[in-house]
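This report concerns only the one structure given below.
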Amino acid sequence: MADKNATSAMGAAGRAPAADKADAIRNVVLVGHSGSGKTTLVEQLLAATGTIQRPGRVEDGNTVSDFDEVEVRQQRSVNLTLAPITHTGIKINLLDTPGYADFVGDLRAGLRAADAALFVVSACDGVDGLTQMLWEECAQVGMPRAVVITKIDHQRADFDDVLATCQDIFGDGVAPLYLPVITNGHVNGLIGLLTQKFYNYATGSRTEKEPGTEYQTQIEEHRGVLLEGIIQESEDESLMERYLEGEDIDTGVLIDDLEKAVARGSFYPVLCTGLGVGATELLELITQGFPSPLEHPMPEITTLDGKPVQGIACDADGPLVAEVVKTTSDPYVGRISLVRVFSGTLRPDMTVHVSGHGLADRGHEDHDLDERIGALTCPLGKQQRGAAKGVAGDIVAVAKLSRAETGDTLSDVDRPLLMTPWSMPEPLLPIAIRARSKADEDKLSQALGRLVAEDPTLRLENNPETRQLVLWCMGEAHTDVLLDRLSKRHGVEVERVELRVPLRETFGGKCQAMGRNVKQTGGHGQYAICHLEVEPLPSGGGFQFVDKIVGGVVPRQFIPSVEKGVRAQMERGVVAGYPMVDVRVTLYDGKAHSVDSSDMAFQIAGQLALKEAAAKVPTLLLEPVDELSVLVADDHVGAVMSDLSARRGRVLGTEPVGTGRTLVKAEVPELELTRYAIDLRSMSHGTGTFHRAFLRYEPLPPHLVGKVAETE
């Protein structure tokens, strides 16, 4: 920190930073809402360490992190990107994450790869709901955190107000290390609250001097809060007593205790940055206050058959355990895997075991195979710079892993291991697509396979009932990026079509019907007559076939044939082409011929009988109903419940969850949930989440039958 008078070690532009041991590495993920300034902050840190000559601008499309053409066009991050820098001999792997909720998959990957999180908050916009949720998520796993308030030089900036908001929302342990000095809307420098020094940036470079007396009251107020917070976290129990007695605590002691508290994840310093201000102070906190990979708990590791493995630590000489945190595919370059090495050392051209388990429901089949990796690189945006090795604790990019997907584990061939995958949100926005031409159709399967390998938040479904290809996405922005990549990166043009929800049919009453299949065509004919009684069953009753044949009027060998024919017709439907459910069919009479009766003849007779029954009694269309659980902030409960009622839903009840949140449970027809992921985000300002599970089928209201038929 500035308090230790550390100096910045500028790295040569274009040369990849390298680390030989874990305690010389810091893995830091930048977290914050879209527009908070994460990418701009990365540019400042890159320039401050001499990694690049001058910082780029998001508006100009020339930043290191946002190099994807989608990001340049939309002027926002949609990918997890790595930006390594060096400061005072420490390699810092900066992980820039998207701030929009649709791309939370890349954000979660960044949290997995990092050892500490830097929460980026705009001095203009404050803290949004998504950032608050992520703070709570980090708190659950004890991840060390710090807050950096950006854009303090903006005309709408209000540092004091945003600081108070952070302390209110993030809770205890949040205290500023520096205060900005602003004169006539211009940031001249920062006041260090521990050293009580003024770090002046007015001349373009940092100089140190005493702060003016006009800042004394402000310094004393914030410094008291900071000191009390540090002393409360100190392992020296006598420190608080000495402080209360008025003793001046040595600054070096305070800094050591601060760094330990930050690394433990129990104290959260607040820094601030603006144009040309604050980068040095932030680098000092990262290198001296954030933990190295040696201090970060190892994720759960098992054998391939699920047995826990103990004793593996962050050791360059230990067994290889690494994880693919990000996969990108290019039709010309192939796959590039961003890999966090947790144990062992990864070297070019070595053979590794690739394991992927637990994501089969999203189109990622379980796989175990050996692959020879290609070159190792240390990426800086789209620039790939060669790396000699990746030691435990480091993050590198690996080429030519043709089968590896995001979330896969790399381990030694002679000791295959598996890391428990990190939690991924369920994609809940279904989008139906189809290829625009026959040429696109031929390339679509391979292109979608590459997208699925890159993105665990994407689920691919080829619905056998509706015969539609469905992409389950995180939201509209996620969908747009996926379709853009299909077009621009893979050369496949698709179009969105109306999503069809698979319905069901059932009988609306009880009746009897006859199936008569009597044909004579020369030689053996067909002769089968069966009398059926059909009746509806309660919802969820399935299908029941009852044999009441007496006297052998239908030979025993042909009774299963009737059932087989009935089942086949139920699968095809009898009116609208939807499968039939919740029906009891009783075979009570029939006739057979000693020569012309056959298995196929009675199958057809069973089908004809079911069709005749449909002509005698009404048939009902059934729609699927889901059990819905919606978690929202208390302020949005009323709006959510009203919306669910408008969707023909039945609200079953509510229950409090934690502080300030409520779980709303309801039963809602699937037809009303196709765009619920988008609508809930709008209602809850991005903070609402929901889970859905199929419950049962219910009759479709008559006024909707015609409307549904029009979309088929």
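The values are calculated or read from the model by the stated rules, or taken from the named source; none is laboratory data. Quick caveat, the model's predicted, so the values are computed rather than measured. Glycine gets a Cβ as well: all are built from the backbone with ideal geometry, and neighbour counts include every protein chain shown. Heavy atoms of the whole protein, side chains included, go into the accessibility calculation; ligands, DNA and RNA do not. Shrake-Rupley method; radii C 1.70, N 1.55, O 1.52, S 1.80 Å.
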Hey, what do the phi angles of the range 460-471 turn into as Karplus ³J(HN,Hα) couplings, whole Hz, using 6.51/-1.76/1.60 and θ = phi - 60°, x for Gly and Pro?
9, 10, 9, 5, x, 7, 8, 6, 10, 8, 10, 9
Volume per residue of the C-alpha convex hull in the range 322-366, rounded to whole Å³
107 Å³
Taking H as built 1.01 Å from N, whose amide H comes closer than 5 Å to the amide H of Leu503, not counting residues under 5 places away?
none
Return the sequence-ordered ³J(HN,Hα) values of the range 387-398 in whole Hz as given by the Karplus equation 6.51 cos²θ - 1.76 cosθ + 1.60 applied to θ = phi - 60°, using x for Gly and Pro.
10, 6, 6, x, 7, 3, x, 8, 10, 9, 9, 10
For Thr619, other-chain or 5+-apart residues with amide H closer than 5 Å (H placed, Pro excluded) are Gly508
Given axes a ≥ b ≥ c from the Cα gyration tensor, I'd like to know whether the range 215-334 is rounded (a/c under 1.5), prolate (a/b larger than b/c) or oblate.
oblate
May I ask which of Lys209/Lys382; Lys438/Lys564; Lys326/Lys389; Lys151/Lys665; Lys616/Lys665 have a Cα-Cα span longer than 30 Å here?
Lys209/Lys382; Lys438/Lys564; Lys151/Lys665; Lys616/Lys665
Carbon and sulfur atoms: what percent of the 1.4 Å accessible area of the range 1-154 do they account for?
46 percent
Reviewing (i) 1.10; (ii) 0.95; (iii) 1.06, the figure for Rg/Rh (Cα atoms, Kirkwood Rh) actually calculated from this model sits under (i)
Please go through the residue pairs Lys260/Lys400; Lys21/Lys488; Lys38/Lys307; Lys91/Lys197 and name each one whose alpha carbons sit more than 32 Å apart in this structure.
Lys260/Lys400; Lys21/Lys488; Lys38/Lys307
Could you give the radius of gyration (one decimal) and Dmax (whole number) of the Cα atoms in the range 643-690, in Å?
11.2, 33
With every protein chain left in place, what is the accessible area per residue of the range 375-459 in square angstrom, probe 1.4 Å?
38 Å²
Carbon-plus-sulfur fraction of the accessible area of the range 183-317, 1.4 Å probe, in percent?
46 percent
In Å², and per residue, what accessible area does the range 54-177 have when probed at 1.4 Å with the other protein chains present?
34 Å²
On average, how much accessible surface per residue is there in the range 593-652, in Å², for a 1.4 Å probe, leaving out ligands, DNA and RNA?
44 Å²
Gained length - Val575 relative to Val497, 0.36 nm times residue gap less alpha-carbon distance
25.7 nm
Kirkwood hydrodynamic radius, the range 152-272, all distinct C-alpha pairs: what's the number in Å?
15.4 Å
Per residue and in Å³, how big is the convex hull formed by the alpha-carbon atoms of the range 407-557?
323 Å³
Once ligands and nucleic acids are excluded and a 1.4 Å probe is used, how much of Lys389 is accessible, expressed in Å² to the nearest 10?
70 Å²
Near the amide H of Thr63, under 5 Å away, which other amide H atoms are found, from residues 5 or more places off or on another chain, if H is placed in the peptide plane?
Arg57
Evaluate the relative contact order of the chain (contact order divided by residue number), counting alpha-carbon pairs under 8 angstrom at least 6 apart; express in whole percent.
10 percent
Can you compute 3J(HN,Hα) from phi for each residue in the range 554-560, using the Karplus curve 6.51 cos²θ - 1.76 cosθ + 1.60 with θ = phi - 60°, rounded to whole Hz and x for Gly and Pro?
10, x, 4, 5, 9, 5, x
Quick one: pull the percentage of alpha-carbon pairs in the range 74-208 with a separation above 27 Å.
29 percent
Work out the length of the dipole vector of the chain about its Cα centre, built from +1 on the beta-carbon of each Lys and Arg and -1 on the beta-carbon of each Asp and Glu, and round it to the nearest 20 debye.
3380 debye
Among DSSP bridges having both ends in the range 490-603, what percentage is antiparallel? Round to the nearest 5.
75 percent
Heavy atoms only, probe 1.4 Å: what % of the accessible area of the range 613-712 goes to carbon and sulfur, would you let me know?
55 percent
Taking R0 as 51 Å, what's the FRET efficiency between Arg415 and Asp168 from their Cβ-Cβ distance, rounded to 0.05?
0.55
